[in-house]
Each structure stands twice: as C-alpha cells, then as structure tokens.
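The values are calculated or read from the model by the stated rules, or taken from the named source; none is laboratory data. Because the structure is predicted, anything quoted here is derived from the model rather than measured. Cβ atoms come from the backbone with ideal geometry, glycine included; neighbour counts cover every protein chain shown. These area figures cover heavy atoms from the full protein model, side chains too; ligands, DNA and RNA do not enter into them. Shrake-Rupley method; radii C 1.70, N 1.55, O 1.52, S 1.80 Å.
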Amino acid sequence: MRLGVLTGGGDCPGLNPAIRAVVRRAAQGGHAVVGFRDGWKGLRDDDARPLGPEEVFGLEHLGGTVLGTSRTNPFTTDEGAGKVLATFDRHHLDALVAIGGDDTLGAARELHRRGRKVIGVPKTMDNDVRGTDWTFGFHSSVAVAVDALERLRDTATSHHRAIVLEVMGRHAGWVALATGLAGGADATLVPEERYDEEAFLGRIRRALAARRCAVAVASEGVDLGLRAGSTGAQDEFGHELLGERGVGAELARRIQAATGAETRSAQIGHIQRGGPPEIFDRLLASRLGAGAVDLAVAGRSGEVAVLRGEAIVGLPLDQALVGTRTVDPAWLSLLHTFDA
Ligand code: F6P
C-alpha cells in the first residue's frame, strides 16, 4: 500500500511520535509512506516527501511536527477540493492518515465523502475531541501549565500577591481544570460554568485571608462579557483568537479592585504547545499512529483511531465530529472540592 500522512491545525507535543509510529508501522507491513507538508496545504499544493524509518529516527521525544502544520482548509472551495483529490491520485495513495483536531478531522471527512480513503488520528492540547478518552498533547501542555502555576505561587507567596494564570483550551476547560486541580489553584474558571464574580472573589478573599496570597487559573474561553482586547481576528476555520480577549489580565484588575491585594497575571500562550511530549503522550501517539495504519491496511475509511479504555479502536468520523467535548459535571464537582 501507499499511505499519505499529514499533521494539521495547532501543533502540540506528540505529533512527531505519531508520525514516527505511522511510518514504522507501515514499514513493518511493507507499505510506503509519503508525508505532506503543512497540513492540508501540502495535499492541496502537492508539497510532499517520502518518509521511511531513517527520516523518522529519533522523533519520539521531539516537540512540534517535522511535517509542519497549518490551519488551511482546502474544502472551502471546489478548486481547493479538486487539487486535493488530484494530489491524492497523482501519488497513487491507497489511504491518507490525517493527524489533527476537529478541524483537520472535518476536512478528512470531506475527503472520505469524495471517495478517497482516510483515517484520522485525534490530537490537540485542548482535549476537546469527542469519542476518545484523551487526545495526545493535552497531558504535556498541562504539565507546562502546572509548572507555570507552581512558579507563580512561589512569587505570589513572597510578595503576598494574587496572581492569575490564563491558559489556552478554546471553548473547553480541560486545560484549566487539570492545571487547577493538579497545581492546587485557589480558584479555577472554565468556560463550561457561567462566570460568578462573587463566588470567584470569595475564593480569592479566603485564600488571601488564610495565606496572604492566592493563585487562580482561568481558561481563555471564560466569558467575562469582554470584547475589549479582541480584534475580531479569526483563523481559517473561523475560530476567534481567544487569547486576545485578555481574560487573565481582566480578572487581575477585578481582583485588585475588589480586594485591594496587589495582583498580577500571566498568559503563557503558545509555551503550552512546545517542548518534548510527556511519556503518556508519546505512548498514546505511538498507539494511535500505529492503530491508524492498521485500520487503513484493513481497508477501513472515514474513521478515526481513538482510545477507549485500554483499546485503540476505529470510530466513524461522524461520531467524533458531533461538537466539542467539554468538561463534564463529575470533573467540575471534583474541581470545586479543592476551592479555597
Ligand atoms: O486549539 C489549540 C489552541 O492552542 C487553542 O487552545 C488556542 O485557542 C488556539 O489553538 C490558538 O491558535 P493559534 O495557534 O492559531 O494562535
């Protein structure tokens, strides 16, 4: 067989181990792999290179993606879609492995609908893809955010300040929730819960009263009724750049105004997406990459390889693409167990 592989959407730790797994599993079965650069852009513009075991040597611990990525969606025009199909056929591909989040997987479904074989692999630091227990990239990003929170707590303690850490995650609060829980935040705000200023400030006040410092985590997607910082800029899939709203900085202003405590904020942004993948993500990416090849070799298409309990299974893309996977009530209940 001839397989194509691409990585699309925002990068995250684990993409390189996933590419490595696709190539090594294919080689194990005597199949060839061609990699497309910069996501769907590479398939549209026929920007490709052959990938064998030598090309993916050492990728298990490297952050980013050696294939490059973009948020290009070629299926918005007939011309773009036609170019993708032409490239697919020119390379005599039997199937494509598309590694990405909702947007990339949505484009994969378009390809499947146009009669070409495709298997998706879910990745994203946001952990917001439905149908899989976890996406790779998430644990690595949270490790970075927890490290940041612990550092902020040190300086907040020294200066008797409140500090707000703003994390990414788009409209799902998984990154904020896990950072707050694992890092011991006094208050954590996620988009799944309506912002309650009195409750939030109450938690900060209690922490300040007990320890003369407070640390809070806020997801970039929390709705504070803010439009101020936003330029309205969108990516190619129509997503607002939520970091521009400045949720963390605004919360810091509100805390200082309400409590009188000196307050700072930190927005760690894309730092969360870089660095070597955590072991969990290396293993998950390796399993999903190999699993996607197994599905393709079995002749399946229009599916995404997902983690279900202990197993890697194929799930129809239609079932994975039914909206954002958001934080559920059991996690929220656990989160509030640890509020100040
Ligand atoms: O989807 C991953 C993510 O990091 C989101 O958490 C964030 O809102 C967005 O990408 C940022 O996008 P960009 O890299 O285009 O600034």
*Take the residues of the range 255-272 that are open to solvent by less than 40 Å² (accessible area, probe 1.4 Å) and within 30 Å of T69 (Cα to Cα): which is farthest from the ligand (Cβ to nearest atom)?*
A266
_Selected residue [farther than 24 Å from V97 by Cβ and in contact (Cβ under 8 Å) with a residue 60 or more places away in the chain] from R130, R153_ = R153
*Flag if G202 is open to solvent by less than 10 Å² (accessible area, probe 1.4 Å), away from the ligand (no atom under 14 Å from the Cβ) and either over 25 Å from L288 (Cα atoms) or among the polar types (S, T, N, Q) (or both)*: no
*Could you check, for the range 112-122, whether at least one of its residues is open to solvent by 10 Å² or more (accessible area, probe 1.4 Å), in contact (Cβ under 8 Å) with a residue 12 or more places away in the chain and within 16 Å of the ligand (Cβ to nearest atom)?*
no
*Answer yes or no: is there a residue in the range 88-103 that is open to solvent by less than 40 Å² (accessible area, probe 1.4 Å) and of a type in the set (D, E, K, R).*
yes
*Residue list for the range 159-194, filter: of a type in the set (G, A, S) and part of a loop (DSSP other than H, G, I, E, B)*: G169, A172, G173, G184, A185
*Considering every residue within the range 157-165, establish whether at least one is hydrophobic (A, V, I, L, M, F, W, C) and either open to solvent by 30 Å² or more (accessible area, probe 1.4 Å) or modelled with pLDDT under 95 (or both).*
no
_Suppose we keep only residues that are closer than 21 Å to L334 by Cβ and touching a Pro at 6+ places or on another chain (Cβ under 8 Å) within the range 128-168. Which one would you say is farthest from the ligand (Cβ to nearest atom)?_
T132
